[in-house]
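Colleague: Structure provided below as structure tokens; questions to follow.
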Amino acid sequence: MIKRDKIRVETIKINITEADDALTIVLLSTPNTYRSQPFAAAANKLGVKIIWGVDLPQPLADEWNTQLQLDFRDPEDAVRKLINLSKREPIRAVIAIDDAAAIIAAETAAHLGLVHNSPSAALAARDKLVMRERLRDKGIRCPHFSAFPIDSDPTKVATQSKYPCILKPLLLNGSRGVIRVNNIAEFKIAWMRVCDILRKSVGTRILVEDYIPGREVAVEALLGQKGLHTLAIFDKPDPLEGPFFEETIYVTPSRLSNDEQESVQAATQESARALGLQFGPVHAEFRINKDGVWPIEVAGRSIGGLCSRTVRFRSGLSLEELVIRQAIGLPIGSLLLEENSRGVMMIPIPAKGILRKVSGVEDAEALSGIEHVEITAKMNYVIKPLPEGDGYLGFIFALGDNPEEVEARLRLANSLLQFEIEPEIKLEPVH
């Protein structure tokens with residue numbers, strides 16, 4: 001956490017009105033985010049100027065003409081740069097569109113007097129160990145958990161663990177590095193695998209927690225002065241039982257009973273309150289079993305990937321426009337969703353290799369109810385499945401009269417797609 005005595009600035013109070021014609025916001029993102037275009041489109045529609053703060057090395061930022069180069073691994077320096085920017089141009093909001101910048105956004109907003117979640121809450125929604133500790137301390141359903149440094153003896157840790165259990169990095173998202181293991185032998189193999197992922201990314205500890213069985217759902221919500229408003233509950237109809245947890249289909253509205261949906265909404269509100277979240281979007285994931293609703297993760301951001309396209313409001317707002325409007329204090333209006341059912345399929349990567357060819361997209365898009373198939377993986381580049389990978393081949397979007405119809409259409413469209421993935425050949429060094 002950043003020590004405020006190291007950065008001495010005056011708190012700036014900003015009053016915002018609908019008539020203000022000089023709105024500038026900072027969006028913090030990683031270079032490989034899926035979400036920059038939807039946010040850019042929303043800001044353009046609102047007439048809001050964006051300054052992009054991107055997590056890039058300085059030489060690459062110079063080559064790409066990046067507006068504001070930041071290092072998310074050095075939050076103190078990133079906050080200092082943002083504060084200096086605010087002296088040259090008044091900033092109305094700082095929004096992290098990826099988890100990696102959540103604490104930087106919260107720290108900056110706190111210094112500038114902008115409405116935002118506290119840095120403490122941002123940390124709790126970002127760090128999986130802090131999240132578990134906060135939930136446990138507030139009496140919310142929580143699996144038994146412990147965290148261990150990556151240089152711990154895996155045999156010792158495996159021996160004291162209960163099975164099945166989950167190994168999970170503290171700071172990665174998208175199920176990257178998350179592995180279920182059922183015995184000591186599997187644990188030791190998974191441990192080394194997660195350690196290798198962390199050495200190439202971020203983090204030095206691994207969370208080990210009991211596996212929670214049950215159906216999984218996702219919740220999209222918005223926190224404000226009137227509390228938490230649930231925007232959508234998504235069913236995840238594919239079983240997520242491991243060993244890896246690749247998400248595929250999201251469908252809304254949920255097919256849960258009214259009582260179950262009320263329990264999920266209550267769990268979302270209780271979990272957000274336990275973490276200290278008070279403002280902005282919330283994306284949460286839960287497991288439901290005979291014992292009740294269990295929080296898996298609660299993030300202080302909107303839904304990832306391109307999945308926000310499934311959240312359609314009758315007012316015509318996009319989810320990104322809603323997030324920006326709330327952040328800069330503009331009226332939001334109705335939050336009622338369209339009446340039909342919508343869904344998205346995140347196309348999983350089946351194997352590591354070089355993506356050479358994609359076929360069947362036109363046939364899939366010709367199906368009734370399929371709105372769009374967007375292939376986001378780059379041709380002739382190496383792609384990797386979970387747990388090492390951090391992306392998808394693309395997204396399929398569908399609509400229909402009910403969730404069952406939407407799910408069937410997504411599965412049929414996916415069956416028509418074919419991907420040619422060439423195994424990656426590693427050349428041995430010449431001696």
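Colleague: Residues in segment 380-398 that are part of a strand (DSSP E or B) and either crowded, with 18+ Cβ neighbours inside 10 Å or free of Cβ contacts under 8 Å to residues at least 12 places away in the same chain (or both): how many?
Modeller: 6
Colleague: Sort out which residues of segment 106-133 are of a type outside the set (Gly, Ala, Ser), under 25 Å from TRP191 (Cα atoms) and in contact with a helix residue (DSSP H, G or I) (Cβ under 6 Å, 6 or more places away or on another chain), and write them in order of number.
Modeller: LEU123, ARG126, VAL130, MET131
Colleague: Would you pick out the residues in segment 258-276 that are of a type in the set (Asp, Glu) and over 13 Å from HIS229 (Cα atoms)?
Modeller: ASP259, GLU260
Colleague: Next question. So which of THR248, THR252 ends up being over 22 Å from LYS290 (Cα atoms), buried (at least 21 other Cβ atoms within 10 Å of the Cβ) and either in contact with a strand residue (DSSP E or B) (Cβ under 6 Å, 6 or more places away or on another chain) or outside the structural domain of SER152 (by TED's automatic domain parsing) (or both)?
Modeller: Result of the check over THR248, THR252: THR252.
Colleague: Sticking with this structure for a sec: Does segment 127-152 hold any residues that are farther than 17 Å from ARG205 by Cβ and of a type in the set (Asp, Glu), and which are they?
Modeller: Of everything in segment 127-152, just one residue is farther than 17 Å from ARG205 by Cβ and of a type in the set (Asp, Glu), namely ASP137.
Colleague: Which of the residues belonging to segment 356-399 are basic (Lys, Arg) and touching a Phe, Trp or Tyr at 6+ places or on another chain (Cβ under 9 Å)?
Modeller: Across segment 356-399, the qualifying residues are ARG356, LYS357.
Colleague: Taking the conditions exactly as written (farther than 30 Å from GLY280 by Cα and without any contact (Cβ under 8 Å) to a residue 12 or more places away in the chain), does ALA351 satisfy them or not?
Modeller: Against the criterion (farther than 30 Å from GLY280 by Cα and without any contact (Cβ under 8 Å) to a residue 12 or more places away in the chain), ALA351 does not qualify.
Colleague: Another question, then. Can you go through LYS168, LYS188, LYS156 and tell me which one is touching a helix residue (DSSP H, G or I) at 6+ places or on another chain (Cβ under 8 Å), outside any loop (DSSP other than H, G, I, E, B) and surrounded by fewer than 19 Cβ atoms within 10 Å (Cβ to Cβ)?
Modeller: Every option except LYS188 fails the conditions.
Colleague: When the residues of segment 228-245 are narrowed to those that are under 22 Å from VAL181 (Cβ atoms) and either touching a residue at least 40 places away in the same chain (Cβ under 8 Å) or acidic (Asp, Glu) (or both), which ends up surrounded by the most Cβ atoms within 10 Å (Cβ to Cβ)?
Modeller: Within segment 228-245, the match that is surrounded by the most Cβ atoms within 10 Å (Cβ to Cβ) is PHE245.
Colleague: Restricting to segment 37-49, name every residue that is surrounded by fewer than 19 Cβ atoms within 10 Å (Cβ to Cβ) and either over 24 Å from the mean Cα position of the chain (by Cα) or in contact (Cβ under 8 Å) with a residue 24 or more places away in the chain (or both).
Modeller: ALA41, LYS45, LEU46, GLY47, LYS49
Colleague: Is it true that THR204 is of a type in the set (S, T, N, Q) and closer than 17 Å to GLU297 by Cβ?
Modeller: No.
Colleague: I'd like to check something: does segment 279-286 contain any residue that is among the acidic types (Asp, Glu) and assigned to a strand (DSSP E or B)?
Modeller: Checking segment 279-286: at least one residue is among the acidic types (Asp, Glu) and assigned to a strand (DSSP E or B).
Colleague: Out of curiosity, is GLU260 more than 21 Å from LEU410 (Cα to Cα) and of a type in the set (Asp, Glu)?
Modeller: When the stated conditions are applied, GLU260 passes them.
Colleague: Go through (1) more than 22 Å from TYR250 (Cα to Cα); (2) in a strand (DSSP E or B) for GLU374 and report which single condition fails.
Modeller: The single condition GLU374 does not satisfy is (1).
Colleague: Further, regarding this structure: Can you name the residue in segment 376-414 that is under 22 Å from GLY242 (Cα atoms) and among the small types (Gly, Ala, Ser) and is also modelled with the lowest pLDDT among such residues?
Modeller: Per the stated criteria, the residue is GLY391.
Colleague: Go through segment 97-111 and report how many residues are under 19 Å from ARG325 (Cβ atoms) and modelled with pLDDT under 95.
Modeller: The total comes to 1.
Colleague: In segment 54-99, which residues are part of a loop (DSSP other than H, G, I, E, B), hydrophobic (A, V, I, L, M, F, W, C) and within 16 Å of LEU27 (Cα to Cα)?
Modeller: LEU56, PHE72, ILE91, ILE97 - these are the residues of segment 54-99 that are part of a loop (DSSP other than H, G, I, E, B), hydrophobic (A, V, I, L, M, F, W, C) and within 16 Å of LEU27 (Cα to Cα).
The values are calculated or read from the model by the stated rules, or taken from the named source; none is laboratory data. Bear in mind that the values here come from a model prediction, so they are computed numbers and not experimental data. Counting neighbours? That spans all protein chains shown, and the Cβs are built from the backbone with ideal geometry, glycine included.
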